[in-house]
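Laboratory data are not the source of any read-out in this text; all were calculated from the coordinates shown. This one's a predicted model, so the numbers in the text were calculated from it and none came from an experiment. Cβ atoms come from the backbone with ideal geometry, glycine included; neighbour counts cover every protein chain shown.
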Amino acid sequence: MNHMVRVASYRFRATFARQWGGYVGLMLLVALVGGLSMASLAGARRTDSSFPIYVASTDPATLQVLAGFDDPALGIPNGYNPKLVRAIANLPLVEKSAFSIGFDGNINLGGIKGVHLHTTPGETPPTFIGGSDYLTLDKATLIAGHWFNPHRPDEAVVDAQAAKEMGVHIGSVIQVPFYTDKESTSSNYNGPPYLFPKITIVGEIVINSTVIQDEIDALGSSAVLLSPQLNKQLESCCAYYSGDAVQLRGGVANEARFRAEAAKIDPISKFGITGGGSPTQAIAKGQQEIKPEAIALGVFGLIAGIAALLIGGLTIGRMLRSRAAEMRTLQALGANTSMVLGAELIGVSLAVATGAILAVALAISLSPLSPLGPVRFVYPYRGISYDWTVLGLGVMALIVALMAMAFVLARRELRRIRLGRRNDFREANSWVSRATTAGVPLSVATGLRFALKSGRGANAAPVRSAILGAVLAVVVLVTTVTFGASLDNLVSHPSLYGWNWNYAVLSGFAGQENLPGPQVAALFDHDHYVASWSGANFVAAELDGQTVQMMTEAPDARVAPPLLSGHGLEAANQVVLGDATLAALHKRVGDTVTFSNGKTKSTTLTIVGTATLTPITKGLEMGTGALVAPSNFPAALLNSQRSPIPGPQAVLIRLRAGSDTKAALRSIHQIIYEVNRIHGDAGAAGGLVEHLRPAEIANYRAMGTTPAILGGGLALGAVVALALALVASVRRRRRELALLKTLGFVRRQLAAAVAWQSSIAVAIGVLIGVPLGIIFGRVLWTLFAHEIDAVPVTSVPGVVIILIVVGALVLANVVAAIPGRMAARTSTALVLREE
């Protein structure tokens, strides 16, 4: 063993001066492409776990309960009862609690000074919240400015939605009129407010429940957090409602028991204890929205890892083939197989190991680019991260796989030597030979031969690795732009994510009230610009015992969500489901489910299709929910606000093709005006909405430029591989270049031959890589679209792909510049003297 190590060490030191370029090239390729692979896989894991980690950092409550409500009709004179709040907080199951008080119902929101309202249809007014300890659970995250001073009553912070609706920013001063409970509930009080303080907005915050949400949820999530000092001045006189956020011993498993105990002491429990869901549900929903981003990043990492192994394996194979003569010499001098293998693999193993270590360094340096998605800007542990699972397994995979390849390739070379075979690669196909003699310029013919013929023995050039590198670069780039174009197409075409109509008229409070059915029908039926419309209501019911948010439309409605499979609603005994709901019910299209609305007798519905259900109301999501006929519900359930003229909660409108959009909008706004003028609060229309994006669509914009950076990095790795292959080719073909100079080639022709070699390798990469990239892009996008329950329409960016092709050919010539100069400067005398 010691003798073998000494032989290998001596051989490595004796030949390092001639072979260091190959070792450095192999090391750089492993470092760059392997590092990108590890960075992507680590980023995918960090992205996938980002939301649970963020939620945990906010010290989340198990649930929230309503502890008081200002309603004289219920015999409750004040929205805040400290004894009640303390009683709920002191229940045996409560580990930790925090109370908050809402003042929005006791504020004349129209009388707030210093605001510039920018509300859109369906937006609910901002909620003004105070409390002494409400920041100890579900802690808000400060993203701009600073927190209020708890001892100053004139400071507050807002979330982004409230800032947008109110038209305020950090530094804005608003004046808010607070009324006492008695004043706010009086029908004839016209006096001044109890308190009219000036408040400075000092910071912008994010609440954990609003980081990942559909746009319909965002419409009702605006909040202004008041300082504890101001809260003390208002809590006993001006509270509209109060609530307890609690952490339970045993978590959500004890939720039902806690609610039963709280109902015994809560005077309004008979009207329902309301509040937020459990953190488990929030985390599950958040991860569902983030999962496709993590999958996409992980797939990219796997592609980069495969590329690292393929390019590295080809580079190692080329290095070993070029040293076949030296292996033969070592065997002739008496070296056994182990000695020869050790001598050949010691340099390769050092290059691979060093490259793997550098890959880890690169992956760590890229870690601040993750996590991707909406959690990124509130993630509590941004910056450098060390995912030792990915890094450790990545280093092992690179070293073990590449060294296994090297061992197999080295033994194959030795076997060829023992069998007396030379490393003679047959000449290229006959068409190459014909092209060389067809009268094309000599530099072109030489470049073609250099690009397609490896050569022999020590003069063997890395033809296949150069072509494979070009193919991989083009495949990755075309796959990335195809996927990106499909994402842009999805975001810009609402019908693909369920908004299968041009506009929707929502009733008041984000579609929670009712529009007057008869008048709505008469007005829209006679509107010149409306091609078709349908009314929809939103209500929850049970399917096989599971509560599902439902959208109701008449069978064969002219405007309905886009189908993914099966057919639409054609009868009252049918149901169309979202894919996630279908999976949760463990059913297939064609199966039946038991439907129960809680009021009438249960019925059986047949599942006739799946659809993309856009979140036009809370609880309805792209893959979650159901479409049923309104006749399955009693009228009272479809009229929860007890409107005297019941009707739909939303009207879905599709315009005539070629309509003047501005004229059509004026006409629809006139309909809204007529409805509100005649019926007022009895049938108020909240306004017209062009589209409401689900969280899946709104969040993917937060991915930023990270995918482009990673894709560009992998392409850079392929460019480096091409450059190193060209340099190695020139070095290996020094004798041939010298002979060409002897036969009359001038420097310009030699440089042109190398440029043609590079261009031809890249052209082959383009011819193979573009169709493969389009195929992979389409496949990945289809899988991605199914994952988020969108309509899987792929967009292929033809212009961008043409630019990639042109850019690749231009870059091939740029990359060939230095190797071309090396070829042009080849010393004929020196090379032939060595021969």
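Per residue of segment 534-548, what does 6.51 cos²θ - 1.76 cosθ + 1.60 with θ = phi - 60° give for ³J(HN,Hα)? Whole Hz please, x for Gly and Pro, Karplus curve as stated.
With the stated coefficients, segment 534-548 comes to 9, x, 9, 10, 10, 7, 8, 8, 10, 10, 6, x, 9, 6, 10 Hz.
In segment 471-585, how does Rg compare with the Kirkwood Rh, expressed as the Rg/Rh ratio over alpha carbon atoms?
1.08
Quick one: if the Förster radius is 56 Å, what FRET efficiency do Q287 and R415 give, using the C-beta to C-beta distance and rounding to 0.05?
Computed FRET efficiency for Q287 and R415: 0.60.
Which distance in nm do the two modelled labels at I265 and A554 give, with both placed 7 Å along the Cα-to-Cβ direction?
Here the answer is 5.3 nm between the modelled labels.
If you stretched the chain out fully between S365 and H567, how much longer would it get, using 0.36 nm times the residue separation minus the C-alpha to C-alpha distance?
Computed gain between S365 and H567 is 67.7 nm.
In terms of Cα to Cα distance under 26 Å, which lysines are near enough to K198, apart from those fewer than 8 places away along the same chain?
K113, K139, K164, K182, K232
Once you list every other residue whose beta carbon is under 14 Å from the beta carbon of N90, what net charge do they have if Lys and Arg are +1 and Asp and Glu are -1?
+1
Cross-link partners among lysines for K264, C-alpha distance below 18 Å, same-chain residues fewer than 8 apart left out?
Straight-distance partners of K264: K83.
For segment 666-678, what does the Karplus curve 6.51 cos²θ - 1.76 cosθ + 1.60, with θ = phi - 60°, yield as ³J(HN,Hα) per residue in whole Hz, taken in order and with x for Gly and Pro?
Along segment 666-678, the couplings run 4, 5, 5, 5, 5, 4, 4, 4, 5, 4, 6, 5, 7 Hz.
Ranking request for peptides 548-559, 378-389: highest mean number of other beta-carbon atoms within 10 Å first, then the rest in descending order.
548-559, 378-389
Measuring from label point to label point, each 7 Å out along Cα→Cβ, what is the T594 to S49 span in nm?
Once both label points are built, they end up 4.2 nm from each other.
Would you please give the residues with an amide H less than 5 Å from that of L569, counting only those at least 5 places away or on a separate chain, with H modeled from the backbone geometry?
Residues meeting the amide H criterion: D556.
At A540 and V24, where each label point lies 7 Å from the Cα along Cα→Cβ, what is the point-to-point distance in nanometres?
Going from the A540 label point to the V24 one covers 6.7 nm.
Provide the packing ranking of 669-676, 172-179, i.e. peptides ordered by the mean count of other C-beta atoms within 10 Å per residue, highest first.
With the highest mean Cβ count within 10 Å placed first, the list reads 172-179, 669-676.
For segment 104-232, give me the percentage of DSSP beta bridges that are antiparallel, rounded to the nearest 5 percent.
Of all bridge pairs located within segment 104-232, approximately 60 percent are antiparallel.
When averaged across all projection directions, what area in nm² does the alpha-carbon convex hull of segment 102-217 cover?
Averaged projected area of segment 102-217's Cα convex hull equals 8.0 nm².
With r defined as the distance between the Cβ atoms of Q670 and K232 and R0 fixed at 51 Å, what FRET efficiency is calculated, to the nearest 0.05?
0.55
Give a residue-ordered list of calculated ³J(HN,Hα) values for segment 237-247 (Karplus: 6.51 cos²θ - 1.76 cosθ + 1.60, θ = phi - 60°; whole Hz; x for Gly, Pro).
Per-residue couplings from phi come out as 10, 10, 6, 8, 7, 9, x, 10, 9, 10, 9 Hz.
For Cα pairs less than 8 Å apart in space and 6+ apart in sequence, what is the mean separation divided by the residue count of segment 563-653, i.e. the relative contact order in percent?
34 percent
Any lysines with Cα under 28 Å of the K601 Cα? List them, leaving off those in the same chain fewer than 8 positions away.
Cross-link targets: K270, K587, K618.
Just to compare against my own numbers: the Cα pair-distance distribution for segment 154-249, 10 Å bins, whole % per bin, please.
Over segment 154-249, the share of Cα pairs per 10 Å bin runs 14, 36, 37, 13, 1 percent.
Between G647 and residues 5 or more places away or on another chain, which pairs have amide H atoms under 5 Å apart, with H built 1.01 Å from N, and which residues are they?
Amide H neighbours of G647, under 5 Å, 5+ apart: L515, G517.
Could you tell me the calculated FRET efficiency between R677 and Y381, based on Cβ-Cβ distance and R0 = 51 angstrom, to the nearest 0.05?
It comes out at approximately 0.40.
Counting other Cβ atoms within 10 Å of each Cβ, which trypsin sites (Lys or Arg not before Pro) in segment 614-660 have at most 14 and sit in a DSSP loop?
R642, R656
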